[in-house]
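The structure appears right after this line, and notes come after that.
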Amino acid sequence: MSDIRDDLEKTVDRICEAHCLKEVFMSSENGAWPEALWHALEEVGLPQACLTEAQGGSGLSFEEALFVLRRSAYHAAPVPLAETFLAGRLLSAAGLQVPGGVLSVSVSHAKDHLELQGSHNSPTLSGHAHRVPWGLSCDHLAVVAERDGQQFVVLLAREALAHSASESVKNLAGEPRVQFDFTNTPVIAFAPLADAKERLLSEGALMRSVQMAGALQRSLAYSLQYANDRVQFGRPIGKFQAVQHMLAVLAGHVAASAAATDAAIEVSAAAPEPFFIAVAKSRTGEAAGKGAEIAHQVHGAMGFTREHNLHHLTRRLWAWRDEFGNETHWQTRIGEMALQQGPDRLWPFLTSL
């Protein structure tokens with residue numbers, strides 16, 4: 001690990017160990033905003049990690065920024081860090097100024113239908129946005145809307161969101177999701193971006209892959225610790241071959257998900273690389289299902305209690321695997337990409353990656 005990554009890991013660990021406490025998780029799931037945690041992250045510039053220095057960023061590379069995201073997911077930090085990264089990247093790609101504070105995005109859901117209306121000087125937004133992460137907690141929301149067949153990146157302020165029809169729901173992890181119905185909602189900025197929907201979907205899938213890789217890593221750490229601490233029939237359960245086999249399978253899923261996401265990150269700094277992201281999201285989605293199952297098997301009944309921290313990770317794994325396309329969606333994409341190559345170009349395509 002490089003010196004800067006070591007420093008970033010220590011910084012994120014220090015902040016999360018101080019602020020990702022049991023009472024913070026409980027209050028967050030009850031609708032409270034974790035102000036102290038977000039403020040601590042802002043103090044060291046981590047929410048702006050995906051921006052360039054000219055945009056007010058902290059000067060980290062894309063790989064380093066997503067290392068921060070992975071480490072925050074390792075601690076199951078209940079804040080929209082991934083969404084803030086996503087919104088910043090989407091706005092930057094469209095040439096729009098990235099505002100400070102808490103940002104979020106629509107999740108590019110199939111049920112979304114947003115239209116940009118009004119004049120250039122008085123633009124408005126109408127339509128439905130489905131399950132927007134942290135929709136009523138963010139300072140600004142970036143969405144993709146259409147007008148006359150063209151795609152636009154649109155920026156909305158908190159005031160406009162507060163006056164829009166909305167319904168608050170939660171995902172499996174208790175993270176807030178909001179259904180918005182916009183009717184002539186004022187827009188503060190917009191710009192055309194030809195591949196805005198696809199870019200949002202792909203980068204969202206990459207962010208969720210990184211988060212799942214981090215949560216899987218912590219699930220493995222918890223499982224190893226519990227297997228060494230829990231004594232049954234006079235010895236730790238980690239000494240039993242059946243448990244060792246389960247831990248080995250879990251470790252394999254953790255390693256595979258980390259390798260897939262690292263490969264996707266490496267080629268997606270400038271723009272999302274579809275094939276690598278499809279592989280990362282499908283592989284980490286599969287690992288999320290299998291890994292959470294194994295972690296709970298190792299922990300037994302203890303892992304299903306609210307007193308143990310394991311559920312903060314596994315519930316996020318179950319929720320994140322379905323956002324921005326589940327593994328079936330992305331595996332289908334991989335198949336489509338393979339078919340496009342034809343029989344003569346498929347092997348050269350795979351070996352040239």
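The values are calculated or read from the model by the stated rules, or taken from the named source; none is laboratory data. Every value quoted in this text rests on a predicted model; they were computed, and no experiment measured them. Because the Cβ atoms are built from the backbone with ideal geometry, glycine has one as well, and the counts that use them run over all protein chains shown. Each accessible area value is taken on the protein alone, full model and side chains, heavy atoms only, with ligands, DNA and RNA left out. Shrake-Rupley method; radii C 1.70, N 1.55, O 1.52, S 1.80 Å.
Let me make sure I get this right: for the range 91-132, a, b and c are the square roots of the gyration tensor eigenvalues over alpha carbons, sorted descending. Under 1.5 in a/c it's rounded, otherwise prolate if a/b > b/c, else oblate. Which is it? Before the final figure, lay out the partial values.
On the way: a/c = 2.04, a/b = 1.07, b/c = 1.91.
Here the range 91-132 falls in the oblate category.
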Practice prompt. Enter the angle in degrees (range 0 to 90, nearest 10) between the Cα long axis of helix 241-266 and the first principal axis of the Cα atoms of the chain, meaning the one along which they spread out most.
Written response: 30 degrees
Worksheet, complete the sentence: Cα extents of the range 1-96 per principal axis, largest first, Å, are 39, 32, 19
Item to complete: No other cysteine beta carbon under 4.7 Å away is the test; run it over the chain and list who passes.
Response: C50, C138
Discussion item. Please give the charge dipole size of the chain, origin at the Cα centre, charges +1 on K and R Cβ atoms and -1 on D and E Cβ atoms. Round to the nearest 20 debye.
Written reply: 1040 debye
Worksheet item: Can you put I294, I4 in order of accessible area, largest first, using a 1.4 Å probe?
Response: I4, I294
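Calculate, in whole percent, how much of the Cα-Cα pair population of the range 192-335 lies beyond 25 Å. It would help to have the intermediate numbers written out before the result.
On the way: 3345 of 10296 pairs.
Counting every Cα pair in the range 192-335, those more than 25 Å apart make up 32 percent.
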Worksheet item: For the residue pair R306 and Q179, what label-to-label distance in nm results when each label sits 7 Å from Cα along the Cα-to-beta-carbon direction?
Response: 2.5 nm
Response to the item:
Expressed to two decimals, the range 227-273 has a Cα Rg over Rh, using the Kirkwood radius, of 1.35
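Using the eigenvalues of the Cα gyration tensor, what equivalent ellipsoid semi-axes result for the range 58-211 when each is taken as the square root of five times the eigenvalue, whole Å, largest first? Could you put the intermediate results ahead of the total?
On the way: eigenvalues 119, 63, 36 Å².
Equivalent-ellipsoid dimensions as semi-axes: 24, 18, 13 Å.
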Discussion item. Could you order the peptides 31-39, 281-289, 177-185 from most to least packed, using the average number of other C-beta atoms within 10 Å per residue?
Written reply: 281-289, 177-185, 31-39
Practice prompt. Determine the equivalent ellipsoid of the range 53-134 by diagonalising the alpha-carbon gyration tensor, then write out the semi-axes as square roots of 5 times the eigenvalues, largest first, rounded to whole Å.
Written response: 27, 18, 9
Fill in: Descending Cα extents along the principal axes, the range 262-348, whole Å
54, 28, 19
Worksheet item: Using 7 Å Cα-to-Cβ label points, what is the Q297/S352 separation (nm, one decimal)?
Response: 4.2 nm
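Rolling a 1.4 angstrom probe over the protein heavy atoms, how many square angstrom per residue are accessible across the chain?
Each residue of the chain exposes 44 Å² on average to a 1.4 Å probe.
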Item to complete: Give me the percent of Cα-Cα pairs in the range 124-163 that sit more than 13 Å apart, rounded to a whole number.
Response: 55 percent
Discussion item. Show me the ranking of peptides 58-65, 260-267 by mean Cβ neighbours inside 10 Å, starting with the highest.
Written reply: 260-267, 58-65
Discussion item. Taking each pair of distinct Cα atoms in the chain once, what is the resulting Kirkwood hydrodynamic radius in Å?
Written reply: 21.1 Å
